[in-house]
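Undergrad: One structure, pasted below without further comment.
The values are calculated or read from the model by the stated rules, or taken from the named source; none is laboratory data. Since the model is a prediction, treat every value here as computed from it, not as a measurement. Cβ placement follows ideal geometry from the backbone for every residue including glycine, while neighbour counts extend to all protein chains displayed. Only protein heavy atoms, including side chains, enter the accessible area calculation; ligands, DNA and RNA are left aside. Shrake-Rupley method; radii C 1.70, N 1.55, O 1.52, S 1.80 Å.
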There are 2 protein chains.
Amino acid sequence: MVSELALAAFAARTGRHLVRPPAEAEFAAFVRAFDERAYRTSLARADVRWIARSDPAFPQLLRSIHDPPAGVFARGSVGAELLTQPAVAIVGARGCSSYGAHVARALGRELAAAGLVVLSGLARGVDGAAHRGALEAGGRTIGVLGCGIDRDYPAAHRELASRMRASGLVVSEYAPGVEPAPWRFPARNRVIAGLARAVVVVEARERSGALITADFALEEGREVFAVPGEITSALSRGTNMLLKLGASPLTCAGDVLEALGVEPPPSDPPVVTAAASAVLDRLRDGASAADELVRATGFEAAGVAIALSELELAGLVAQVDGAYRAVMPSK
Amino acid sequence: MVSELALAAFAARTGRHLVRPPAEAEFAAFVRAFDERAYRTSLARADVRWIARSDPAFPQLLRSIHDPPAGVFARGSVGAELLTQPAVAIVGARGCSSYGAHVARALGRELAAAGLVVLSGLARGVDGAAHRGALEAGGRTIGVLGCGIDRDYPAAHRELASRMRASGLVVSEYAPGVEPAPWRFPARNRVIAGLARAVVVVEARERSGALITADFALEEGREVFAVPGEITSALSRGTNMLLKLGASPLTCAGDVLEALGVEPPPSDPPVVTAAASAVLDRLRDGASAADELVRATGFEAAGVAIALSELELAGLVAQVDGAYRAVMPSK
């Protein structure tokens, strides 16, 4: 059998997507010349591990898809067994709304707190928010890249990726040196779906990479959840369309836990002041800016500000771009 | 057979909900003393018609539910045959959000424009917005009261009810004089569901009368649609819950037309200026206040204001409580 690492290295060298050895003279010549030991040494120097498809450590769930990668490259402080633990993918629009960012972060936090691994693509928007949420909960999160394992892509997420590697993993089917290219992202999405027991699409436009992830997941018989959103928002057109196609509506993290048979962590609802409680009730009817809350509650601006800080500290309210939202109930 | 009108009059006199003659001496005495001719004369004086359950003009769809009313009282300038035309109920929260009001009005407008009768309960919030939308389209709308046919309830909708009677109907199973009472509203909701080919729930809290209407509709095998909404909004908890229970997600009026086999009316998308088009694109990503649009587009405040007026006139954008929204696509 040809080494899967040679196949991955050849794919990187030729800029192709390959999961099976091609019957080509060029590939045969490459394999003859390939110094696997030297290649492995350079990977080790860069703190990159290689888990070949034939390796028993390769996750069975990913091996079972119809075109599993030759293997995955991994960077991070934990072992490859993290790849075999129950994981949920949280995916969605890069240019998401404050609603999408809020929901992705809250889901990341709550699913990670319940012991699930949070998977995503390290992209801007929903992906990043989901990873951050998982980190906030002190949980495990895995980022799947659509470019070479050595790349920090997107550059804006360099620090996030480094925090993820400290307690989790960043993985890619692409060897060091592979440039990001648009056509690799759908392929990356099949790896995300392949590693996940369930896929949650938080916000997605009508034609969106997240819908490709959902399609892969449906094909492989994984659970697909879509987060409902306003029908007047283009960012919820893809998710509401998924609901029409039969995806399960997700309204709280508990929906995923129930589907996967995971016990929710125990929690006591925090106790807040009467003013904070009144502000929270108002926010449960929809997101508001602080000045709208002053008008709606009749409280002084300072009183509303104090109530909002109290609610944020208690984890009951979150703010994105000046819009305050009640954190969704976890069950 | 005992007169159904005598039954309705007895129910009104005794403050009860009755759909079958009770085997009671009090009722027998009432029937013996009942002057049906005089009663009919007083109804006619008040411009109230009575369509008994046994009358061929009584709508077959309503007769087919498991406890149809003894008959319905009707006020309005059109004939009772309006009750037999294909109708869609649009129901939801009284204290709805600007999103709910916007969607209810747009649906009322588009479904009425396609020739469907828009049914609702004449309540504040979603009901009123749906009726108004239908009137805006020059369409037909029917209000079903939960109190006596002679009552203007709620008082705030006196003028709306009068406009509805001018081109449509206001109906009730309750005779003149019956006071509004909380327990009558669920009974009223069964009449709404009974008259409708399809029920659309726009926005609803977790425990909400609109969910009762949806339950009745499901029991009677009518189509039930729920409008997806943000999972952080208490006003969408009921609708998102309906989606979990298997209601069809509604994202545009076309969903109802398709389910009922109704042709959508032809429409040409209006042409707008480049500035208006840029503002519209921004609004398709979510509702915004005018000042947010100034920030997001980089246009002058005056330019944004002009673009918004243009979009409102073209029917592409609507404003509720200072929040501008793209009018949802009709298909």
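Undergrad: What residue, among those in region A:98-116 that are in contact with a helix residue (DSSP H, G or I) (Cβ under 8 Å, 6 or more places away or on another chain) and open to solvent by 30 Å² or more (accessible area, probe 1.4 Å), is farthest from the other protein chains (Cβ to nearest Cβ)?
TA: A:Arg109
Undergrad: Let me ask another. So, in region A:194-216, of the ones that are β-branched (Val, Ile, Thr) and either buried (at least 24 other Cβ atoms within 10 Å of the Cβ) or over 16 Å from the mean Cα position of the chain (by Cα) (or both), which residue ends up farthest from A:Pro69 (Cα to Cα)? Talk me through it step by step, then tell me what you get.
TA: Within region A:194-216, the first condition is being β-branched (Val, Ile, Thr), and the residues that meet it are A:199-202, A:212-213.
From what is left, the residues that are either buried (at least 24 other Cβ atoms within 10 Å of the Cβ) or over 16 Å from the mean Cα position of the chain (by Cα) (or both) are A:199-202, A:213.
On the way: A:Val199: 19, A:Val200: 22, A:Val201: 23, A:Val202: 26, A:Thr213: 16 Å.
Filtering first and then ranking leaves A:Val202.
Undergrad: List the residue pairs whose Cβ atoms are under 8 Å apart, where the first residue sits in region A:4-30 and is more than 19 Å from A:Ser54 (Cα to Cα), the second is basic (Lys, Arg), and the two are 6 or more positions apart or on different chains.
TA: A:Phe30/A:Arg13
Undergrad: Which ones in region A:242-261 are farther than 16 Å from B:Leu242 by Cα and of a type in the set (D, E, K, R)?
TA: The one that is farther than 16 Å from B:Leu242 by Cα and of a type in the set (D, E, K, R): A:Glu258.
Undergrad: Within region A:294-331, restricting attention to residues that are in a helix (DSSP H, G or I) and within 14 Å of chain B (Cβ to nearest Cβ), which residue is surrounded by the most Cβ atoms within 10 Å (Cβ to Cβ)?
TA: Result: A:Leu311.
Undergrad: Would region B:261-269 turn up any residue that is surrounded by fewer than 16 Cβ atoms within 10 Å (Cβ to Cβ), away from chain A (no Cβ under 14 Å) and modelled with pLDDT of 90 or more?
TA: yes
Undergrad: If a residue must be farther than 24 Å from B:Gly15 by Cα and buried (at least 17 other Cβ atoms within 10 Å of the Cβ), how many such residues does region B:135-156 contain? Even if it seems obvious, please write down each step before you answer.
TA: We begin by selecting, within region B:135-156, every residue farther than 24 Å from B:Gly15 by Cα; these are B:135-142, B:156.
Next, from what is left, pick out any that are buried (at least 17 other Cβ atoms within 10 Å of the Cβ): B:135, B:137, B:139-142.
Residues that pass the stated criteria total 6.
Undergrad: Tell me which of these A:Cys252 doesn't satisfy, since it passes every other one: (1) within 8 Å of chain B (Cβ to nearest Cβ); (2) crowded, with 23+ Cβ neighbours inside 10 Å; (3) in contact with a Lys or Arg (Cβ under 8 Å, 6 or more places away or on another chain); (4) not polar (S, T, N, Q).
TA: (2)
Undergrad: Can you name every residue in region B:217-231 that is assigned to a helix (DSSP H, G or I) and either at positive phi or buried (at least 24 other Cβ atoms within 10 Å of the Cβ) (or both)? Reasoning before the result, please.
TA: Applying the first criterion (assigned to a helix (DSSP H, G or I)) to region B:217-231 yields B:217-219.
B:Ala217, the sole residue that qualifies.
Undergrad: Within region A:45-73, can you find the residues that are open to solvent by less than 20 Å² (accessible area, probe 1.4 Å) and outside any helix (DSSP H, G or I)? Explain how you work it out, then say what you get.
TA: Taking region A:45-73 first, the residues open to solvent by less than 20 Å² (accessible area, probe 1.4 Å) are A:48, A:51-52, A:58-59, A:62, A:65, A:68-73.
Passing the criteria: A:Val48, A:Ile51, A:Ala52, A:Phe58, A:Pro59, A:Ile65, A:Pro68, A:Pro69, A:Ala70, A:Gly71, A:Val72, A:Phe73.
Undergrad: Mind listing whichever residues of region B:211-235 are touching a residue at least 24 places away in the same chain (Cβ under 8 Å), within 7 Å of another protein chain (Cβ to nearest Cβ) and hydroxyl-bearing (Ser, Thr, Tyr)?
TA: B:Ser233
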